[in-house]
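Some notes on the structure that comes next.
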Amino acid sequence: MNPIEGTIDSQSKSETAAGVKAGVAAGDEAALHPMFHNPRKLRLFKERFFYGSILLATLCALGFLFYLLFSIGAQGWEHLDMDFINNFPSRKPAQAGFKSAIWGTVWLGGMTLIFSVFFGVGAALYLQELSPKNRFTSSIQVSISTLAGVPSIIYGMLGLGIFVRFMGMGRSVLAGSLTLSLLIIPVIIIASREALKAVPDSMRMASFALGATRWQTVRDHVLPAAVPGIATGVILAMARAMGEAAPLIMLGALTYVAFVPSGPLDPFTAMPIQIFNWTSRPQEAFHDLASTGIIVLLGFLMLCNSVAIFIRLRWGRKL
Amino acid sequence: MMSQKFTSPILQATNLNLYYGTKKVVKNLNMKIGKKTVTAMIGPSGCGKSTILRSFNRMNDFIDTFSHEGEILFEGSDIYKSKIDVTEFRRRIGMVFQKPNPFSSSIAKNITWGPKINGYKGDLNELVETSLRKAALWDEVKDKLNDSGLALSGGQQQRLCIARAIAMDPEVILMDEPCSALDPASTLAIEDLIHDLKQQYTIVIVTHNMQQAARVSEYTAFMYNGDLVEYGPTTKLFSTPDEKLTRDYIVGRFG
Amino acid sequence: MTSQLWAKISPWQRWRERMVIRGLAFTAMVSIFTTVGIIFILGEESFQFFSQVSLKEFLFNTRWAPLFEPRSFGIWPLINGTLIIAIGAIIFALPVGLGIAIYTSEYATGWWQKVLKPVLEILAGIPSVVYGFFALTQVTPFLQKIFPNIEVFNALSASIVIAIMILPTIASICDDSLRAIPKTVRDGAYALGTRKSEVTLHIVVPAALSGILASFILAFSRAIGETMAVTLAAGATPQLTANPLVGVQAMTAYIAQVSMGDVAHGTVEYQSIFAVGLVLFLMTLAMNLLSQFIVKRYARKYE
């Protein structure tokens with residue numbers, strides 16, 4: 001991108017450098033005229049320095065990412081065995097395991113998926129395809145864009161006030177998954193609307209011209225065509241929800257749970273909460289456990305992400 | 001301006017003004033379209049011909065800024081005022097679009113979907129065959145009815161779209177520049193098809209191609225800048241047009 | 001003409017369709033309920049709080065000590081904690097994020113460019129509790145080598161990991177707004193005989209300034225709302241300080257701390273987290289509205 005030519009006498013180069021290509025071909029357009037004070041070496045140095053610094057910024061970020069993954073991997077690798085996955089948490093680091101956290105996250109994930117897809121995709125269909133333009137829908141728009149920026153801990157306070165206390169669900173899987181659903185519904189709505197927007201209008205017109213109603217059109221043509229995009233958005237939002245600890249801690253889920261939930265009204269723990277719990281203890285041994293937990297959590301999230309990438313590559317470009 | 005006299009027109013526009021926002025795109029249109037005729041609408045782009053076509057089956061409803069004055073009668077009743085369900089009435093007026101737009105499902109499903117949602121009680125397999133035969137596509141696709149409609153060539157896709165419209169047993173078929181995205185061979189196939197279809201259906205076709213209008217239609221309407229300049233039998237309009245504007249357009253002085 | 005084979009749309013069918021659409025409209029209303037719910041919950045408990053603690057004390061007292069005697073409810077130490085961490089994070093993240101965006105949009109090419117963006121997005125996908133862990137076990141020990149008198153819990157460590165966390169937000173929004181600058185603008189500059197870095201810095205970046213500003217505000221708002229990393233790394237000592245090497249308590253960390261303890265419902269300590277939550281909500285809301293305003297106001301310049 002910046003082919004730098006040694007020290008050719010720049011005076012001998014003619015005015016052709018003023019062409020459109022000059023910037024790309026670079027290197028030789030300095031000091032065209034005695035009236036232009038154009039210290040070529042300084043400019044070249046600046047060019048290299050600039051390129052060097054942005055490259056450095058990028059490599060730093062990448063380096064940080066790999067160091068983070070590597071250091072956690074190195075620290076937690078040792079504990080990663082079946083005992084860790086099959087044991088419940090314990091005060092003795094040597095026996096402590098991740099079982100209740102893993103199953104708690106699975107429970108939360110399943111129920112959050114159901115609630116958030118139902119409400120998120122439903123709302124996106126309504127807003128993008130079926131709604132009239134009026135004050136009602138524009139107030140929904142406003143609230144969605146407001147909600148998308150609300151910190152997750154505030155959702156936790158909402159869940160605490162509404163689900164745990166007002167509705168009396170207690171610190172249950174149900175309350176946790178409803179709270180996480182509220183957190184990601186705006187994200188799912190926005191992603192699903194983008195996917196619906198990408199469905200060509202000609203498909204809707206073809207359907208309407210056959211005498212289909214709006215709902216028939218959406219159900220049989222628009223929604224199926226948008227499913228890959230929606231699924232990608234849903235999975236990415238789910239990955240975010242499964243990594244959240246703050247809203248669950250607000251609900252009071254940071255307790256010792258040594259069992260697998262057997263129903264939606266049981267108390268629960270979850271992977272990020274258990275990791276937080278281990279991290280906040282002073283003993284080094286628990287930190288090792290935390291890093292093992294992080295390996296499992298990140299493995300789980302990366303699995304989600306690869307499914308999303310797979311869906312996008314496999315079905316994404318059909319239309 | 002002259003207008004064609006049909007004793008029992010299937011479509012009739014009376015004092016029709018069409019607007020996008022405040023812009024009047026069709027001005028005071030009076031036009032009758034006869035049963036089982038092929039009517040071509042020609043004119044330079046932006047003259048309002050597509051807008052008229054799209055108001056015949058109320059596809060303009062989907063454009064927020066669209067509004068209308070005057071009336072359009074379909075078999076005597078005003079489609080914008082009477083209480084017929086708009087979706088039910090669109091079933092009776094088929095439409096073929098500029099770009100082929102088959103659904104992303106199988107060839108057979110492309111055809112059966114419309115009848116199904118409209119409560120068709122007949123034999124669907126038979127309907128697929130008759131519709132594809134009428135659209136002159138049967139021989140090419142009879143062995144791959146379960147293949148995706150999107151796997152066909154452009155010309156085949158457009159005939160599939162015509163078959164899809166025919167399957168609804170419509171009275172009118174509106175065609176919005178149906179050949180503009182096709183190669184010459186496919187265009188020819190579609191034009192032949194229009195010849196066959198006029199035995200049974202009323203066809204209104206918008207085209208920017210004057211030769212095509214001359215080849216396929218019995219009546220031609222020339223639109224310019226929102227006005228219906230001239231409307232009459234195709235042979236007359238192309239040989240001895242009444243209006244100077246029409247003559248200038250036909251000989252290619254503008255547009 | 002209509003043959004017997006075609007059914008009329010039955011009233012039942014019409015009714016069913018209307019019900020489906022109403023049902024979907026209801027799902028869309030969940031967003032309104034959520035917004036109203038948040039405002040109601042925060043407002044209601046805050047109201048209780050302010051009936052016991054004066055607004056004057058909340059806004060003008062400079063000590064935050066809600067859990068032990070003598071109690072004192074001055075919000076400033078918490079805001080100070082939040083801001084020192086968030087400002088620190090932005091100081092790191094903005095130049096680096098913008099640098100990355102310039103690199104990915106203007107310099108990187110081919111497969112490298114295609115791979116780079118999603119790989120950097122991974123940084124945004126890592127849960128914040130992981131960043132908290134990393135801050136405590138890696139960043140702080142590293143900082144202790146540079147600043148021997150740094151405290152175990154300190155704002156700087158939290159700032160650094162939050163900077164990493166918000167990098168992708170800044171980089172991806174800046175990247176989009178840099179790409180939105182049409183090629184003709186660049187060509188115009190190149191035709192004057194300028195180098196790539198000069199075109200980028202003097203022409204392209206200023207033209208994309210609104211997007212860069214919006215990304216900055218959005219990232220700042222995310223930094224303010226971040227909970228787990230600040231709870232784990234920055235500590236729980238609310239104080240007014242500009243020193244990033246000592247422990248502070250952010251608003252979110254205070255809320256988390258109280259909810260982890262056994263504070264009874266209905267007490268002033270319990271209500272205090274909602275008052276703090278309200279301040280947090282209003283701050284992030286203001287910033288999000290501002291960034292949306294900037295994007296809307298300046299987005300259409302080049303169309």
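The values are calculated or read from the model by the stated rules, or taken from the named source; none is laboratory data. Quick caveat, the model's predicted, so the values are computed rather than measured. Counting neighbours? That spans all protein chains shown, and the Cβs are built from the backbone with ideal geometry, glycine included. Note: areas computed on protein heavy atoms with side chains; ligands, DNA, RNA excluded. Shrake-Rupley method; radii C 1.70, N 1.55, O 1.52, S 1.80 Å.
Before moving on, here are some points about what is shown:
- Tensor-based shape of chain A (alpha-carbon gyration tensor, a/c under 1.5 rounded, otherwise prolate or oblate): oblate
- Fraction of accessible area attributable to carbon and sulfur, the range A:82-315 (%, probe 1.4 Å): 66 percent
- Restricting the calculation to Cα atoms, every distinct pair contributes to the Kirkwood radius of the protein assembly as shown, found to be 31.8 Å.
- Under-5 Å amide H pairs with B:THR220, H placed in peptide plane, nonlocal only: B:ALA40, B:GLY232, B:THR234
- When the charge dipole of the range A:82-315 is built from unit charges on Cβ atoms (+1 for Lys and Arg, -1 for Asp and Glu) and taken about the Cα centre, the candidate among A:SER116, A:LEU174, A:TRP103 whose Cα reaches farthest toward its positive end is A:SER116.
- Set of lysines with alpha-carbon distance to B:LYS244 below 25 Å, sequence-local pairs under 8 removed: B:LYS5, B:LYS24, B:LYS27, B:LYS32, B:LYS49, B:LYS236
- A simple charge model with +1 on the Cβ of Lys and Arg, -1 on the Cβ of Asp and Glu and nothing else charged puts the dipole of the protein assembly as shown at about 1380 debye relative to its Cα centre.
- Cut-off under 5 Å, modelled amide H: who pairs with B:SER106 long-range: B:GLY149
- Within the assembled protein chains, the solvent-accessible surface assigned to A:TRP315 is about 110 Å², based on a 1.4 Å probe.
- Cα-based shape type of the range A:251-305, given that a ≥ b ≥ c are square roots of the gyration tensor eigenvalues and the cut on a/c is 1.5: oblate
- Think of it as helices only: each DSSP H run of n ≥ 4 in the protein assembly as shown is worth -39500 (n - 2.57), and spread over all residues that comes to -18000 deg cm²/dmol at 222 nm.
- Inter-centroid distance (Cα atoms) of the range B:163-192 relative to the range A:177-193, Å: 44 Å
- Along the axis of the charge dipole computed for chain C (Cβ charges of +1 for Lys and Arg, -1 for Asp and Glu, origin at the Cα centre), the listed residues C:ALA253, C:GLY37, C:TRP15 are led at the positive end by C:TRP15.
- Here's the list of lysines a cross-link from A:LYS46 could span, going by alpha-carbon distance under 29 Å and ignoring same-chain residues fewer than 8 apart: A:LYS13, A:LYS21, C:LYS114, C:LYS117, C:LYS183, C:LYS196.
- Entry comment: accessible area of the range C:13-58 is 57 Å² per residue, from protein heavy atoms only and a probe of 1.4 Å.
- Taking all protein chains together, B:ASP242, B:ASP176, B:ASP139, A:ASP81 sort by accessible area into B:ASP139, B:ASP242, A:ASP81, B:ASP176, largest first [probe 1.4 Å].
- Calculated FRET efficiency for the pair B:ASN15/B:ARG253, C-beta based, R₀ 30 Å, to 0.05: 0.45
- Distance between the range C:70-129 and the range B:58-77 - C-alpha centres, whole angstrom: 53 Å
- Of the residues B:MET168, A:MET111, ranked by 1.4 Å probe accessible area with the largest first, the sequence reads A:MET111, B:MET168.
- Charging the Cβ of each Asp and Glu at -1 and of each Lys and Arg at +1, and nothing else, the dipole of the range C:65-302 about its Cα centre rounds to 960 debye.
- Order by protection proxy (mean Cβ within 10 Å, highest first), peptides C:56-67, A:142-153, C:123-134: C:123-134, A:142-153, C:56-67
- The range A:99-164 - accessible surface per residue (Å², probe 1.4 Å): 34 Å²
- B:GLU126-A:PHE66 FRET efficiency (beta carbon distance; Förster radius 51 Å; 0.05 resolution): 0.20
- Helix B:124-134 axis versus longest C-alpha principal axis of chain B: approximately 50°, rounded to the nearest ten.
- Dipole magnitude of the range A:176-319, debye to nearest 20 (Cβ charges: Lys/Arg +1, Asp/Glu -1, about Cα centre): 720 debye
- Three-way shape label, chain C, alpha-carbon gyration tensor, a/c 1.5: oblate
- Per the accessible-area calculation with a 1.4 Å probe, the total area buried between chain C and chain A rounds to 7000 Å².
- Put simply, the amide H of C:PHE73, placed in the peptide plane, has neighbours under 5 Å in C:ALA65, leaving out anything fewer than 5 places away on its chain.
- Calculated from backbone phi, Karplus (6.51, -1.76, 1.60) coupling profile of the range B:206-215 in Hz, x at Gly/Pro: 8, 8, 9, 9, 5, 4, 5, 4, 5, 6
- Heavy atoms of A:LYS92: accessible area, 1.4 Å probe, square angstrom to 10: 130 Å²
- Nearby aspartates and glutamates by direct alpha-carbon distance to B:LYS142 (threshold 15 angstrom, same-chain neighbours under 8 apart not counted): B:GLU126, B:GLU129
- Positive-end residue, the range C:65-302 charge dipole about Cα centroid, Cβ charges, pick of C:LEU94, C:GLY235, C:VAL185: C:VAL185
- Per-residue SASA entry for C:ILE39, accessible area with 1.4 Å probe, Å² rounded to 10: 90 Å²
- Of the solvent-accessible surface of chain B, computed with a 1.4 Å probe over protein heavy atoms with every protein chain present, carbon and sulfur atoms account for 48 percent.
- Considering all different alpha carbon pairs of the range A:146-293, the Kirkwood hydrodynamic radius works out to 17.8 Å.
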